[in-house]
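The values are calculated or read from the model by the stated rules, or taken from the named source; none is laboratory data. None of the values given here were measured: they were computed from a predicted structure. Neighbour counts are summed over all protein chains in view; Cβ atoms, including those assigned to glycine, are modelled from backbone coordinates with ideal geometry.
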Amino acid sequence: MDYFISNQTEFDQYRCHTFAPGDRICFAKGGVFRGQFAPKGQGVAERPIVVTAYDPLTKQILQDPSEGRPVIHGMGQVDAVVKLFNQSFWHIENLEMTNTNGSQGEQGDIYGIHVIGEDVGLLQHIHIRNCAIHHVNGCVGDKWRGGIHLDVYGDQRKTWFDDVLIEQNVIQDVGGVGISNTSTWKAIFTEDWTPWTRLVVRNNWVERTGRNGIILRVAEDPLIEYNTFAYNSRADVGHSVLTFDTRRAVMQFNEAYGNTGDPEDADRGGFDADFKCEDTIIQYNYSHENHWFCGIMRKYNKRVVIRYNVSVNEVMGCYLYGFPSEDGLDVVKVHDNLHYFKEGIKAQIFPSPRLERTPIKTDFRNNVFFFAEPGAWGPEPDADCVFAGNYYYNVAPRGTNAVTDVSAVVGQMAHITSQVLQAGVRTKPIMPDPDRPIIVS
């Protein structure tokens with residue numbers, strides 16, 4: 001059955017309604033609504049419940065966000081604009097939403113979209129696509145609020161999500177983290193660890209967040225690809241994208257830029273191979289004008305591969321090693337990455353803000369370190385780091401088979417760049433109308 005919502009009275013009528021498999025809840029293009037939409041009901045595999053937009057003149061369901069989105073304003077008075085609890089087989093599509101009282105101060109644990117599972121077992125098929133979420137909370141940096149968050153709570157019954165797709169969304173000017181998931185069943189090295197499966201975050205635009213752009217946790221084989229992260233961590237420090245408690249996470253084809261702040265800040269890179277993760281791959285990404293390209297955490301972090309990335313004009317350097325007092329890092333391979341610094345940037349290969357951050361247990365091969373004016377290494381790597389076949393310009397070479405011939409360095413730069421460009425091109429999502437007013441009361 002199709003439900004058409006074109007005014008506030010209809011919105012209030014259906015905001016907590018129990019829907020059936022195959023139902024479509026359709027908000028009118030151009031419509032403006034206030035409050036929280038927290039529907040009930042379960043879809044099924046063949047007939048998910050769909051929340052989307054329609055043209056009130058033709059009753060046609062809108063498939064393209066360029067046709068316009070209806071907007072729901074939470075006004076900072078609801079915990080989430082769209083909220084699901086222990087529900088499966090739902091699509092949330094083609095909506096715009098805000099949730100702010102108009103101030104830049106702390107407004108509570110509020111979200112744009114919040115999907116919750118608690119003590120229920122398997123939850124399936126949550127797809128969130130083509131939504132625009134902006135102006136949520138004020139300028140706050142906490143990790144536990146933000147744009148799109150999916151969270152598992154409870155400790156009585158193992159609960160997890162399978163088949164989560166977060167795709168083609170625009171998230172701008174939100175306090176906290178742009179896109180995130182959490183779980184109380186996170187203890188990765190114990191039998192309690194209950195990972196999410198088929199978790200994909202793809203082709204989202206995440207800009208001006210209070211904290212990180214994306215934090216992905218407690219998952220097997222999660223995929224983060226074709227996203228853009230711009231000017232993240234405006235209110236607190238945090239790498240633009242990172243994982244916790246994961247196995248075989250892949251970050252690829254993403255762009256991250258503008259994550260900068262106080263030079264003493266510890267976590268302001270584009271990407272982060274964070275702790276309690278195994279078999280992480282960071283590949284074919286473009287990072288520029290952050291403090292550094294990538295963080296590598298020394299605590300409980302196993303088998304990391306960082307390859308075929310392009311890093312340009314980072315403010316401070318290439319790789320930051322986190323948790324400097326720990327030594328649980330093991331088997332890190334960094335190869336075929338390009339690092340380029342223009343004139344005027346005085347950078348280090350291993351920046352070390354605030355604390356001495358010694359590189360350990362890392363194999364560096366076939367990488368390019370190109371400094372337009374003289375560069376530096378930073379902290380001396382441990383003896384268990386290997387440097388072989390790397391390319392250096394305007395910085396002291398290190399290791400075996402080091403290449404300093406300019407033509408060879410330029411050739412390797414061209415090779416790595418071509419590999420990254422051939423890997424894929426991001427598509428910028430349709431942005432919300434910047435002139436549309438934000439309702440705060």
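Please state which of the following conditions Gln8 fails to meet, knowing it meets all the rest: (1) more than 24 Å from Asn86 (Cα to Cα); (2) in contact with a Leu (Cβ under 7 Å, 6 or more places away or on another chain).
All conditions are met except number (2).
Take the residues of the stretch 88-105 that are out of contact with any Pro (no Cβ under 8 Å at 6 or more places or on another chain) and without any contact (Cβ under 8 Å) to a residue 60 or more places away in the chain: which is nearest to Pro432 (Cα to Cα)?
If we take residues in the stretch 88-105 being out of contact with any Pro (no Cβ under 8 Å at 6 or more places or on another chain) and without any contact (Cβ under 8 Å) to a residue 60 or more places away in the chain, then Met97 is nearest to Pro432 (Cα to Cα).
Within the stretch 244-335, which strands (runs of 3 or more DSSP E) (wholly inside it) include 2 or more residues that are farther than 14 Å from Lys361 by Cα, acidic (Asp, Glu) and in contact with a Lys or Arg (Cβ under 6 Å, 6 or more places away or on another chain)? Break it down into steps so the answer makes sense when it comes.
On the way: elements: 250-252, 255-257, 269-273, 277-283, 286-288, 292-297, 301-307, 310-312, 317-322, 330-335.
Filter on the stretch 244-335 gives 277-283.
Would you mind stating whether Ile214 is surrounded by fewer than 24 Cβ atoms within 10 Å (Cβ to Cβ) and either within 22 Å of Gly269 (Cβ to Cβ) or out of contact with any Ser or Thr (no Cβ under 7 Å at 6 or more places or on another chain) (or both)?
On the way: surrounded by fewer than 24 Cβ atoms within 10 Å (Cβ to Cβ): no; either within 22 Å of Gly269 (Cβ to Cβ) or out of contact with any Ser or Thr (no Cβ under 7 Å at 6 or more places or on another chain) (or both): yes.
So Ile214 does not fit the description; no.
Any idea how many residues of the stretch 1-50 are within 19 Å of Leu62 (Cα to Cα), among the aromatic types (Phe, Trp, Tyr) and either more than 32 Å from the chain's Cα centre (by Cα) or part of a loop (DSSP other than H, G, I, E, B) (or both)?
Number of matching residues: 2.
Out of the residues in the stretch 262-294 that are among the small types (Gly, Ala, Ser) and surrounded by 24 or more Cβ atoms within 10 Å (Cβ to Cβ), state the one that is nearest to the chain's Cα centre (by Cα).
Just the residues of the stretch 262-294 that are among the small types (Gly, Ala, Ser), to begin with: 266, 269-270, 273, 287.
Subset that is surrounded by 24 or more Cβ atoms within 10 Å (Cβ to Cβ): 269-270, 273, 287.
Working: Gly269: 13, Gly270: 10, Ala273: 13, Ser287: 14 Å.
This residue is Gly270.
Report the residue count in the stretch 59-80 for those that are under 24 Å from the mean Cα position of the chain (by Cα), of a type in the set (Asp, Glu) and closer than 29 Å to Gly102 by Cα.
1
For Gln104, which of the numbered conditions (1) touching a Gly at 6+ places or on another chain (Cβ under 7 Å); (2) surrounded by fewer than 16 Cβ atoms within 10 Å (Cβ to Cβ); (3) closer than 30 Å to Thr159 by Cβ fails to hold?
Failing condition for Gln104: (3).
Here are some conditions: (1) buried (at least 21 other Cβ atoms within 10 Å of the Cβ); (2) farther than 18 Å from Gln283 by Cα; (3) in contact (Cβ under 8 Å) with a residue 60 or more places away in the chain. Ala235 meets all but one. Which one does it not meet?
In the conditions (1) buried (at least 21 other Cβ atoms within 10 Å of the Cβ); (2) farther than 18 Å from Gln283 by Cα; (3) in contact (Cβ under 8 Å) with a residue 60 or more places away in the chain, Ala235 misses (1) alone.
For every residue, the table says whether it meets (1) buried (at least 21 other Cβ atoms within 10 Å of the Cβ); (2) within 17 Å of Val440 (Cα to Cα); (3) of a type in the set (D, E, K, R).
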{"position": "Arg34", "(1), (2), (3)": "no, yes, yes"}
{"position": "Val44", "(1), (2), (3)": "no, no, no"}
{"position": "Ile49", "(1), (2), (3)": "yes, no, no"}
{"position": "Arg69", "(1), (2), (3)": "yes, no, yes"}
{"position": "Gln87", "(1), (2), (3)": "yes, no, no"}
{"position": "Thr98", "(1), (2), (3)": "yes, yes, no"}
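I'd like the residue in the stretch 1-31 that is surrounded by fewer than 17 Cβ atoms within 10 Å (Cβ to Cβ) and of a type in the set (A, V, I, L, M) and, out of all such residues, is modelled with the highest pLDDT.
Among those that are surrounded by fewer than 17 Cβ atoms within 10 Å (Cβ to Cβ) and of a type in the set (A, V, I, L, M), it is Ala20.
Cβ-Cβ distance below 8 Å, separation of 6 or more or different chains: which pairs start in the stretch 261-274 with a residue that is free of Cβ contacts under 8 Å to residues at least 24 places away in the same chain and end on one that is in a loop (DSSP other than H, G, I, E, B)?
none
Looking only at residues in the stretch 403-426 that are surrounded by 12 or more Cβ atoms within 10 Å (Cβ to Cβ) and assigned to a loop (DSSP other than H, G, I, E, B), which one is nearest to the chain's Cα centre (by Cα)?
This residue is Arg426.
Residue by residue through the stretch 344-371, note down the ones that are at pLDDT below 95 and either acidic (Asp, Glu) or more than 23 Å from Asp265 (Cα to Cα) (or both).
Within the stretch 344-371, just Glu356 meets the criteria.
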